[in-house]
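Below is one structure; the comments refer to it alone.
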Amino acid sequence: MSTSDKNFTGSIPDIYDEFLVPLIFESYAADLAKRVADTKPKAVLETAAGSGVVTRALAPLLSDEIRYVVTDLNQPMLDRASTQQPKANRIEWKQADALALPFETNTFDVVCCQFGVMFFPDKVAGYKEALRVLKDGGCFIFNVWDSIEENEFAHCVTKTASRFFPEDPPVFLARTPHGHGNIDSIVDDLKEAGFTDIETLTISEQSRASNPQAPAVAYCQGTPLRNELEERAAGSLTEITDAAAADIEKLFGKGPVSGKIQGHVFLARP
């Protein structure tokens, strides 16, 4: 994983939340939030919270006496999340590395993470940290994206961007968000970390946008793919975004567009 893959700074958090969240994250966030709430926890830790889509879905499902701590490695993303969250004084916002959590052992009933573990530089270490802060009988609930071929808009945008730089293709989306979706490998890593009871399921959805430009902006400008594009050719971002929109239009039509997205959900217990 490139060091720029974790760089959600500048205007990326705002574009991410405005364009990418409704495009691909909201339905999975609702699913994850319900799974967390169904465990009836007394203390919840969310890691790699991003711009807070799970937080917005989960907070209304938790009663006021439940402790809810929301963390992310990137302070700009956490800032965006906190400003978009309806007033909820009981939520604790904290910048934190999921591989070195600043919490005592046996603290939380649930650790949840939406589409974040793919960014862990050491997956097993991250899973061990989740296990460490879980109480006995606790549950680690997270999801990951399937391969890029199963996520049509991301696949299309990656092919467009690679056409501009054939000798050095910008493949952030294939490498990181969609590069760690092998169920068997994840289960093996969870077992190595100390989890023994692991449940998995695959969920397919439709990603919808009002026009082809929206997913092009979401991926080209609202993710670290933007960093790759600007590193290769400063000033080309608009041109590549427009080209991606044109390619999406060719494949999915004008006006409202819809493409397949697919991810895997994991529920892991000691």
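The values are calculated or read from the model by the stated rules, or taken from the named source; none is laboratory data. Just so you know, these numbers come straight off a predicted model, no measurement behind them. No Cβ is skipped: glycine too gets one built from the backbone with ideal geometry, and neighbour counts run over all protein chains shown. Protein only, heavy atoms only, side chains kept; ligands, DNA and RNA dropped before computing areas. Shrake-Rupley method; radii C 1.70, N 1.55, O 1.52, S 1.80 Å.
Taking all protein chains together and rolling a 1.4 Å probe, C112 ends up with roughly 0 Å² accessible.
Translational diffusion of the chain, estimated by Stokes-Einstein from the Kirkwood radius over alpha carbon pairs at 4 °C in a medium of 1.567 mPa s, is 69 µm² per second. Taking 17 Å as the straight-line reach from the Cα of K87, the aspartates and glutamates in range (excluding those fewer than 8 positions away in the same chain) are D64, E65, D79. Among P60, F103, T71, whose Cα lies farthest out toward the positive end of the dipole of region 58-104, if unit charges sit on the beta carbon of Lys, Arg (+1) and Asp, Glu (-1)? Final value for the positive-end residue is P60.
Of the solvent-accessible surface of region 91-243, computed with a 1.4 Å probe and all protein chains present, 44% belongs to carbon and sulfur. Taking every Cα-Cα distance in region 128-270 and sorting them into 10 Å bins from zero, the calculated P(r) comes out as 12, 34, 26, 18, 9, 0 percent.
For the chain, what is the accessible area per residue in Å², given a 1.4 Å probe and the full set of protein chains?
42
Relative to one another, the C-alpha centroids of region 203-259 and region 147-166 are positioned 9 Å apart. When Rg and Dmax are taken over the Cα atoms of region 1-153, they come to 14.6, 43 Å.
Each eigenvalue of the Cα gyration tensor of region 74-166, multiplied by 5 and square-rooted, gives one semi-axis; in descending order these are 31, 19, 13 Å.
For the chain, a simple Cβ point-charge model (Lys and Arg +1, Asp and Glu -1, everything else neutral) yields a dipole of about 520 debye relative to the Cα centre.
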